[in-house]
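Scroll down for the structure; my scribbles are underneath it.
The values are calculated or read from the model by the stated rules, or taken from the named source; none is laboratory data. The structure presented is a predicted model; accordingly, all values stated were derived computationally and were not measured. Counting neighbours? That spans all protein chains shown, and the Cβs are built from the backbone with ideal geometry, glycine included. For the accessible areas, the whole protein counts, side chains as well, though only heavy atoms, and no ligand, DNA or RNA atoms are used. Shrake-Rupley method; radii C 1.70, N 1.55, O 1.52, S 1.80 Å.
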Amino acid sequence: MYGIAESFGGSFWLIAAAALLLVAIVLFYFLASLFSLWLQALFSKAEVGIFQLLGMRLRKVNPRIIVEARIMSVKAGIPVETNLLEVHYLSRSDKKEKVLEVVAAVVAANKANIPLSFAESAAIDLAGRDVLDAVKTSVKPKVITTPKISAVALDGIQLQAVTRITVRTNIRKLVGGAGEETVIARVGEGIVSSIGSAKTHKAVLENPNMISKKVLASGLDAGTAYEILSIDIADVDVGHNIGAILEADRAETDKKIAQAKAEERRAMAAAAEQEMKARVVEMQAKVVEAEAQVPLAMADALKNGKLGVMDYYNLQNIKADTQMRAQISGVSEKDLDRK
């Protein structure tokens, strides 16, 4: 029994020693990485406490990014507190490395004599703007090329203009200011208005600068994150003759209306003709009915003594004589009836 206990006790202490060694190795690696960052910050004169680095680890903040951002700001002469860097790191749950870009934007603005604090830069970044690109655009203006913008002059000719807009970022209006899409839309509206007020398309082709001058004088950059420096007409093409197309469409429409009215009149005439034929048939039926009543009327007249037998015979002789003359002359009985 004593041998078994001694063997078990020896195994326990062996496992405990191995576990302790493993913990020591992990702790050494953990502290070694923090110690190297602490030394890097110390020798860069951007002191970050070892306990601050340990707290970053516990808060799931990447201490390397914070230390690098801190060193960058100190070397540029605009030191940023570690707490502010951590706050922005935790605020950007999607792209935590943006902290470095925010500090780089502050440094670039400071070198270009553009007043920009870390708080302002962080607010611009959290608003969804690319603050580093904005600073670069403030220093070096960029050119925005618009798509073809179609407009029609007063003479009905369509013109298609391509414009190049030179803009510079207005840092103070980045938060809450409209973006490139708004600038392009406003410039397009100004071009349409300028071309639309021109008497002829030739006047625009002869002097395209009239468009840029009118548009630039309209203050289209108000309320945007950009300052428009210049508007240049890169190209103007002649499109369709919109006036002629509209006239042709209107003529085609008038033609269809006239055809519809003519068809309506034809239908009314056909209906009137059918009605007239129906009346003729009705009258012929009445004539036939009246002719059928003649023998009855003559019989009734003979019966009542109003017509004598000799009168009847004379009437028959006249009818037979008329038929004989018609046969001799070649005139039918119907023609005689018409006469």
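Is it true that Ser117 is open to solvent by 20 Å² or more (accessible area, probe 1.4 Å) and hydroxyl-bearing (Ser, Thr, Tyr)? Break it down into steps so the answer makes sense when it comes.
Values: open to solvent by 20 Å² or more (accessible area, probe 1.4 Å): yes; hydroxyl-bearing (Ser, Thr, Tyr): yes.
Taking the combined requirement at face value, the residue satisfies it.
Looking only at the stretch 128-152, which residues are farther than 17 Å from Glu181 by Cα and under 26 Å from the mean Cα position of the chain (by Cα)? Those that are farther than 17 Å from Glu181 by Cα and under 26 Å from the mean Cα position of the chain (by Cα): Ser150, Ala151, Val152. Scan the stretch 198-218 for residues that are more than 15 Å from Val167 (Cβ to Cβ) and in a helix (DSSP H, G or I) and the total you get is 11.
Quick one: would you say Thr200 is open to solvent by 10 Å² or more (accessible area, probe 1.4 Å), of a type in the set (S, T, N, Q) and farther than 30 Å from Tyr89 by Cβ? Let's see the steps before the verdict.
On the way: open to solvent by 10 Å² or more (accessible area, probe 1.4 Å): yes; of a type in the set (S, T, N, Q): yes; farther than 30 Å from Tyr89 by Cβ: yes.
Criteria met by Thr200.
Rundown of residues vs (1) in contact with a Cys (Cβ under 6 Å, 6 or more places away or on another chain); (2) part of a helix (DSSP H, G or I); (3) modelled with pLDDT under 75; (4) not charged (D, E, K, R), yes/no style:
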| site | (1), (2), (3), (4) |
| --- | --- |
| Val281 | no, yes, no, yes |
| Ala290 | no, yes, no, yes |
| Gln293 | no, yes, no, yes |
| Lys303 | no, yes, yes, no |
| Lys306 | no, no, yes, no |
| Asp311 | no, yes, yes, no |
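Scanning the stretch 129-178 for residues that are part of a loop (DSSP other than H, G, I, E, B) and of a type in the set (Ser, Thr, Tyr) turns up just one, Thr146.
Would you point out which residue out of Ile231, Ile195, Ile191 is open to solvent by less than 40 Å² (accessible area, probe 1.4 Å), within 15 Å of Val162 (Cα to Cα) and touching a residue at least 60 places away in the same chain (Cβ under 8 Å)? Steps first, please.
Working: Ile195 fails: touching a residue at least 60 places away in the same chain (Cβ under 8 Å); Ile191 fails: touching a residue at least 60 places away in the same chain (Cβ under 8 Å).
The conditions single out Ile231.
A Cβ distance below 7 Å, combined with a sequence gap of six or more or placement on separate chains, defines the contacts here; from the stretch 245-265, residues that are closer than 15 Å to Gly156 by Cβ reach no residue that is in a helix (DSSP H, G or I) and at pLDDT 85 or above.
Assess whether Ala267 counts as being over 43 Å from the mean Cα position of the chain (by Cα), open to solvent by less than 60 Å² (accessible area, probe 1.4 Å) and over 30 Å from Lys142 (Cβ atoms).
On the way: over 43 Å from the mean Cα position of the chain (by Cα): yes; open to solvent by less than 60 Å² (accessible area, probe 1.4 Å): yes; over 30 Å from Lys142 (Cβ atoms): yes.
When the stated conditions are applied, Ala267 passes them.
Quick check on Thr82: is it in contact with a strand residue (DSSP E or B) (Cβ under 8 Å, 6 or more places away or on another chain) and of a type in the set (S, T, N, Q)? Lay out the reasoning, then the answer.
Numbers: in contact with a strand residue (DSSP E or B) (Cβ under 8 Å, 6 or more places away or on another chain): no; of a type in the set (S, T, N, Q): yes.
In short, no.
Candidates are the residues of the stretch 89-101 that are in a helix (DSSP H, G or I) and charged (D, E, K, R); the one that is modelled with the lowest pLDDT is Lys98. On inspection, Ile149 qualifies as more than 17 Å from Thr224 (Cβ to Cβ) and in contact with a strand residue (DSSP E or B) (Cβ under 8 Å, 6 or more places away or on another chain). Residues in the stretch 32-45 that are surrounded by 14 or more Cβ atoms within 10 Å (Cβ to Cβ) and modelled with pLDDT of 75 or more: Ser44 alone. Listed by first and then second residue, the pairs linking a residue in the stretch 161-181 that is open to solvent by 60 Å² or more (accessible area, probe 1.4 Å) to a residue that is charged (D, E, K, R) and assigned to a strand (DSSP E or B), with Cβ atoms under 9 Å apart and 6 or more places separating them unless they lie on different chains, are Arg164/Asp232; Arg168/Lys142; Arg168/Glu227; Lys173/Glu227.
Okay, residues lined up against (1) open to solvent by 60 Å² or more (accessible area, probe 1.4 Å); (2) touching a residue at least 60 places away in the same chain (Cβ under 8 Å); (3) assigned to a loop (DSSP other than H, G, I, E, B); (4) of a type in the set (A, V, I, L, M):
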{"residue": "Arg57", "(1), (2), (3), (4)": "yes, no, no, no"}
{"residue": "Lys60", "(1), (2), (3), (4)": "yes, no, yes, no"}
{"residue": "Val67", "(1), (2), (3), (4)": "no, no, no, yes"}
{"residue": "Ser73", "(1), (2), (3), (4)": "no, no, no, no"}
{"residue": "Val80", "(1), (2), (3), (4)": "no, no, yes, yes"}
{"residue": "Val103", "(1), (2), (3), (4)": "no, no, no, yes"}
{"residue": "Val106", "(1), (2), (3), (4)": "no, no, no, yes"}
{"residue": "Asn113", "(1), (2), (3), (4)": "yes, no, yes, no"}
{"residue": "Ala122", "(1), (2), (3), (4)": "no, no, no, yes"}
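Considering the conditions (1) crowded, with 21+ Cβ neighbours inside 10 Å; (2) under 25 Å from Pro115 (Cβ atoms), Lys136 is excluded by exactly one of them, (1).
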